[in-house]
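Chemist: I have a structure here, written as structure tokens, and I will follow up with some questions on it.
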Amino acid sequence: MSGDWRERRHRWDTRYAPYAYIAPYFLLFAAFGLFPLLYTAWVSLQDRDLLAGDAATWVGLDNYVRLLTEDPYFWNAMGNTLSLWLLTTVPQILFALGIAQLLNRRIRTRTVFRMGVLLPNITSVAAVTIIFAQLFGRDFGLVNWVLELFGAGRVDWQAGTASSHTAIAAMVVWRWTGYHALIFLASMQAVPTSVYEAARLDGASQWQQFWRITVPMLRPQIIFSTVIATTGNMRLLAEPLLFNPGTAAATGGSDRQFQTAALYLYEQGFAKYDFGYASAIAWLLVIATVLVTGLSYLAARRIRTD
């Protein structure tokens, strides 16, 4: 009798224990991931004031129709988001590849340098943004001081679209390049040295080895970093919000020149308290993120080194 019980327990353990091990993750995801997502979709179909509690009016798809056909500010925010995505994702990947290649060489105190490239990533985003806002200040900023040394005039970095996007992109690139560089470095160290030795015997230069051996072997990591950078930039909020603190912080400048989609969501939901409209923005941003991430994935897969 006891033998039958042990056999049944063994079969139960073999069949059902793996599901019990992974159940906590799915329970947490359902509570803090899936439920908020579905609740946001439900709220997006209502006209709801954030300060009115549960009082809401069912409007169906009116919020989405208004967003897509009657709201130029939404399309302006999406355009700014895509512009910042281009200005941040491509430099992040290129700089990270270069830094990883340098850190993969035999240099003194390379462990210190490897730790140092990660420091910007663990720094508070609020502190980074405030410091960079001072660096790009119009009157007393260090960047304008350097430009004046070379005979260039002062730039009002917050006033223009191109200038503000450049400043915000510099913050994002500075903060995340080291993170991607360490991912690339770990993958570079897994490349067999015999491959490089064979290339050197064939007369390949360091530059040719990098582009024809290293980069192709890092393709999975490049795809991963591209996807991570894309999803991060599609929900860019803190940098544009704190770049111009004050009464116009939520609008992303006096002419909304650097207001991202996430910042526009913040304005509608927490400045104007239009919770239903903000939820519709959130869902359109989710769809846009999936589409842009998919395009980034396909583009990264088509990298050619010839």
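The values are calculated or read from the model by the stated rules, or taken from the named source; none is laboratory data. Just so you know, these numbers come straight off a predicted model, no measurement behind them. Glycine gets a Cβ as well: all are built from the backbone with ideal geometry, and neighbour counts include every protein chain shown. Note: areas computed on protein heavy atoms with side chains; ligands, DNA, RNA excluded. Shrake-Rupley method; radii C 1.70, N 1.55, O 1.52, S 1.80 Å.
Chemist: Among the residues of the range 222-256, write down those that are assigned to a helix (DSSP H, G or I), open to solvent by less than 50 Å² (accessible area, probe 1.4 Å) and over 16 Å from Ile130 (Cα atoms).
Modeler: Passing the criteria: Ile222, Ile223, Ser225, Thr226, Val227, Ala229, Thr230, Thr231, Gly232, Asn233, Met234.
Chemist: Scan the range 282-302 and tell me whether some residue there is over 20 Å from the mean Cα position of the chain (by Cα), over 30 Å from Phe35 (Cα atoms) and either open to solvent by 20 Å² or more (accessible area, probe 1.4 Å) or at pLDDT 90 or above (or both).
Modeler: Yes, the range 282-302 contains at least one residue that is over 20 Å from the mean Cα position of the chain (by Cα), over 30 Å from Phe35 (Cα atoms) and either open to solvent by 20 Å² or more (accessible area, probe 1.4 Å) or at pLDDT 90 or above (or both).
Chemist: May I pose another question? May I ask you to list the residues in the range 264-279 that are in contact with a Leu (Cβ under 6 Å, 6 or more places away or on another chain) and open to solvent by less than 10 Å² (accessible area, probe 1.4 Å)?
Modeler: Scanning the range 264-279 gives a single hit, Ala278.
Chemist: Go over the candidates Leu84, Leu94, Leu102 one by one and state the one that is open to solvent by 50 Å² or more (accessible area, probe 1.4 Å), part of a helix (DSSP H, G or I) and modelled with pLDDT of 90 or more.
Modeler: Only one candidate passes the filter, namely Leu94.
Chemist: Taking interchain pairs and intrachain pairs at least six residues apart, which have beta carbon atoms under 8 angstrom, with the first residue in the range 102-119 and touching a residue at least 24 places away in the same chain (Cβ under 8 Å) and the second open to solvent by 80 Å² or more (accessible area, probe 1.4 Å) and not polar (S, T, N, Q)?
Modeler: Close Cβ pairs (under 8 Å, with a partner that is open to solvent by 80 Å² or more (accessible area, probe 1.4 Å) and not polar (S, T, N, Q)) amount to Leu103/Phe113.
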